[in-house]
């Protein structure tokens with residue numbers, strides 16, 4: 001098996017980027033990751049603000065706004081340590097994330113962000129070399145594919161984040177799927193899956209976020225409607241590409257706008273799953289008249305590293321057969337995925353601590369693995385870059 005370092009070396013530059021520059025926010029946030037004299041906490045601040053203001057995922061935006069994203073950053077210098085050391089660094093970060101998510105009942109991190117920041121990766125062409133690099137990085141996370149998707153080589157990769165019920169004392173594990181992002185997506189049909197600096201994997205435990213509010217921060221309330229609102233808003237705020245997708249007039253209006261995902265219109269006031277009433281008490285204007293049970297898109301939102309990102313096509317093969325995807329697992333207690341993702345599957349204390357270690361052994365040392373030295377001019381440059389990132393306002397979907 002080729003090492004991550006070898007695969008990094010094999011990446012081919014995207015020559016089109018010489019005439020098609022990255023978006024300004026991508027360039028600014030990436031500079032923080034690529035400067036060797038930037039401290040990790042400074043890069044994290046820039047990335048969290050980017051997640052808060054620039055990504056379409058509402059759950060990620062909420063987590064970033066509340067300081068509930070755990071960030072793990074890898075850079076080119078980590079390649080010299082070898083794959084085993086990289087895997088150990090990621091494993092330690094995941095373990096600390098899960099420990100904090102369990103014991104911090106004031107402001108736990110519901111989300112995890114793994115970023116590989118490298119100018120070489122950021123400027124790489126979206127071809128098979130980048131796909132192999134991304135898949136190798138995913139292997140080093142220890143997150144194994146749960147199942148292979150129907151489409152080609154795509155996989156669905158999952159794990160659990162734990163929370164203890166304050167009254168029953170039961171340990172609930174909330175399943176989440178791993179998602180993939182890359183700088184190469186900036187300005188393409190998969191623009192919504194761009195990320196500054198290189199490539200990134202994200203994990204948003206929606207059920208953990210929902211039940212933390214139910215059980216701790218806003219105790220006694222059911223936030224199922226809130227979770228559905230965030231999910232629908234994520235789909236509704238999908239980025240509009242510069243050129244609309246060509247097609248006959250019968251295609252969805254959202255496709256004509258060039259969106260990668262879109263909400264479905266109600267038919268005669270009813271959703272696709274007619275038995276389910278809408279759990280949202282006050283429906284926002286953007287969501288009125290839209291289906292709360294199913295939605296469509298040009299990519300499947302459950303997949304990890306998607307092969308269609310790397311096939312060189314200007315338009316996805318799914319444009320004429322968009323997959324139909326589900327919202328109901330967020331609030332319909334009759335289906336198995338509701339327990340797995342939203343209500344939480346019950347785990348024993350032994351099972352939880354076998355994975356994240358016993359509390360008496362919990363320890364995590366913050367700080368860079370290598371000392372960083374910089375001149376006053378470099379420190380001033382970093383401060384200016386960070387000020388630029390933190391000045392961004394939110395953009396409309």
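Report relative contact order for the chain in percent, whole number only (criteria: Cα-Cα under 8 Å, sequence separation at least 6). If you can, show how the numbers build up before the last one.
On the way: 695 pairs, mean separation 82.4, N = 397.
Here the relative contact order equals 21 percent.
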Ranked on Cβ counts within 10 Å of their own Cβ, fewest leading, 51, 72, 278 go 278, 72, 51
In nm, to one decimal, how far is the residue 167 label point from the residue 345 one, both placed 7 Å along Cα→Cβ?
2.5 nm
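Fully extended, how many nm does the chain gain between residue 270 and residue 360 (0.36 nm per residue separation, minus their Cα-Cα distance)?
Numbers: separation 90, 0.36 × 90 = 32.40 nm, distance 5.34 nm.
Working it through step by step, the gained length comes to 27.1 nm.
For a Förster distance of 45 Å, can you work out the FRET efficiency between the beta-carbons of residue 41 and residue 283, rounded to the nearest 0.05? Intermediate results must be reported in sequence, preceding the final value.
Working: r = 40 Å, r/R0 = 0.88.
Between residue 41 and residue 283 the formula returns 0.70.
Determine the gain in length on full extension of the stretch residue 379-residue 337; use 0.36 nm per residue of separation and subtract their C-alpha separation, reporting nm with one decimal. List each step's numbers first, then the result.
Working: separation 42, 0.36 × 42 = 15.12 nm, distance 4.86 nm.
Separation in residues times 0.36 nm, less the Cα-Cα distance, equals 10.3 nm.
May I ask you to derive the FRET efficiency for residue 391 and residue 23 from their Cβ-Cβ distance with R0 = 25 Å, giving the value to the nearest 0.05? Walk me through the numbers on the way to the answer.
On the way: r = 15 Å, r/R0 = 0.62.
Efficiency at R0 = 25 Å is approximately 0.95.
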Among 372-378, 218-224, 176-182, 92-98, how do they line up from the highest to the lowest mean number of other beta-carbon atoms within 10 Å?
176-182, 92-98, 218-224, 372-378
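Rounded if a/c is under 1.5, else prolate if a/b beats b/c, else oblate: with a ≥ b ≥ c from the C-alpha gyration tensor eigenvalues square-rooted, which is region 16-144? The partial results should precede the final answer.
Numbers: a/c = 1.78, a/b = 1.23, b/c = 1.45.
Note, shape of region 16-144 comes out oblate.
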With a 10 Å Cβ neighbour count serving as the proxy for reagent exposure, in which order, fewest first, do 195, 353 appear?
353, 195
Exposure proxy order (Cβ contacts within 10 Å, fewest to most) of 39, 384
384, 39
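All of the numbers you see were taken from the coordinates with simple rules; none came from a lab. A quick note: this is a predicted structure, and the numbers were derived from the prediction, not measured. When we count neighbours, we look across all protein chains shown, and the Cβ atoms used for this are built from the backbone with ideal geometry, even at glycine.
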